[in-house]
Amino acid sequence: MYGHVAIAGKHTIPGSVTPPRYGNATLHAASIGDVGRGIQVTIPIGRVAFLGTGAMAEAMVAGMLARGVVQPEQIVASHPRAERRDELVARYGIALVEGNCEAAQGADLLVLTVKPQVIRGVLAEIREVIAPEQVVLSIAAGVPLTTLVNNLGGHGAAARAMPNTPAQIGEGVTVWATTASVTEAQRAVIGTALGALGHAHYVEDEKLVDMATALSGTGPTYIFLVMEALIDAGVHLGFSRHLAEQLVIQTISGSVAFAAQSHKHPAELRNLVTSPGGTSAEAIYQMEKGGLRTVLSKAVHAAYQRTVTLRQAQERD
């Protein structure tokens, strides 16, 4: 029997929901129309197929099962290697097949988690078996909606999403968009599926997905580099690398949690701990002198330009 999800709320699916591991669940989910106005709507998720079973696909499977969004028997996935198929069957109790077409047939939601460089081949492979009512969701970076639609022979119901690395532990953030052919009910299903990765934000303009690729999609890279630099600075001061790493990780995670709970602007929080002539003031002076803000801004812009270049290459091919 298919699981059902009661959807309520507006535009965001919190990653903090912890219902039973399997069974039915009530989620405060991203939604449209009546759902966005807070009316309780029961959405049948149906059968979900994953083409490609890498880290992000496994994160979605684990998250959907843990939140009770679907039952194991509702999920089928494809992978060419028997060892990987056996591993996922043993871990999650889902169905695994070798071929993409076999997985795609009969799925209500078809999730493409393959690499961008092979997605055209996968789309060409499944275009003859996909049905008009099926929704295709791609998380391949830089692959626009037009590529999905055109390479599926004009299939209209398509969506594109950009999650980030913390999604692998259910703490990610995903920005997603759809074609105009996707119905409100289908969008609610997509939002529920992406909510298994953490927070999901629906946007009407696909350009914002490209922008999110540079800000939140690539964002963990910026944070990891800052963490690495702070740990190295701690070692330079005389801390052991292990202790420096613990101090930095907790400082960053604690600061993020504090900022989220305080609902204050980061500049206000920074001013609260910056005393005149103090250590924070001296440190901030050096960071501003070194152009930290400018470097971060240029990094995000460069990532965005690269995303646009990848998308344009997809559109030309």
Worksheet item: Quick check: anything in segment 258-275 within 27 Å of the chain's Cα centre (by Cα), within 27 Å of THR147 (Cβ to Cβ) and among the polar types (S, T, N, Q)?
Response: no
Response to the item:
Within segment 219-240, the residues that are under 22 Å from the mean Cα position of the chain (by Cα) and of a type in the set (Gly, Ala, Ser) are GLY219
Worksheet entry | Single residue of VAL295, VAL248, VAL235, VAL273 found to be outside the structural domain of THR147 (by TED's automatic domain parsing), closer than 30 Å to VAL143 by Cβ and of a type in the set (A, V, I, L, M) | VAL295
Worksheet item: Does THR179 meet the test of being surrounded by fewer than 24 Cβ atoms within 10 Å (Cβ to Cβ), in the same structural domain as VAL114 (by TED's automatic domain parsing) and modelled with pLDDT of 95 or more?
Response: yes
Worksheet item: With (1) at positive phi; (2) touching a helix residue (DSSP H, G or I) at 6+ places or on another chain (Cβ under 8 Å) as the list, and LEU310 as the residue in question, which single condition is left unmet?
Response: (1)
Item to complete: Residues being in contact with a Leu (Cβ under 9 Å, 6 or more places away or on another chain), of a type in the set (Val, Ile, Thr) and within 25 Å of TYR304 (Cα to Cα): count how many of those fall in segment 163-208.
Response: 6
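Condition check ((1) closer than 26 Å to ASN164 by Cβ; (2) touching a residue at least 12 places away in the same chain (Cβ under 8 Å)) across all residues:
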site: TYR222; (1), (2): yes, yes
site: LEU225; (1), (2): yes, no
site: ILE252; (1), (2): yes, yes
site: LYS264; (1), (2): yes, no
site: GLY277; (1), (2): no, no
site: ILE284; (1), (2): no, yes
site: ALA299; (1), (2): yes, yes
site: LEU310; (1), (2): yes, yes
site: ARG316; (1), (2): no, no
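Answer yes if at least one residue in segment 281-290 is within 26 Å of the chain's Cα centre (by Cα) and either hydroxyl-bearing (Ser, Thr, Tyr) or modelled with pLDDT under 95 (or both), and no otherwise. Working first, answer last.
Within segment 281-290, the subset within 26 Å of the chain's Cα centre (by Cα) is none.
No, segment 281-290 contains no residue that is within 26 Å of the chain's Cα centre (by Cα) and either hydroxyl-bearing (Ser, Thr, Tyr) or modelled with pLDDT under 95 (or both).
Give segment 80-95 a look and list any residue that's surrounded by 15 or more Cβ atoms within 10 Å (Cβ to Cβ) and either under 22 Å from ALA131 (Cβ atoms) or of a type in the set (D, E, K, R) (or both), or say none. Please lay out each step first, then the result.
If we filter segment 80-95 for residues that are surrounded by 15 or more Cβ atoms within 10 Å (Cβ to Cβ), which is where we start, we get 84-85, 87-88, 92, 94-95.
Selection gives ARG84, ARG85, GLU87, ILE94, ALA95.
The values are calculated or read from the model by the stated rules, or taken from the named source; none is laboratory data. What you see is a predicted model, and the numbers here were worked out from it, not measured in a lab. Here the Cβ is made from the backbone with ideal geometry for all residues, glycine too, and neighbour counts use every protein chain on show.
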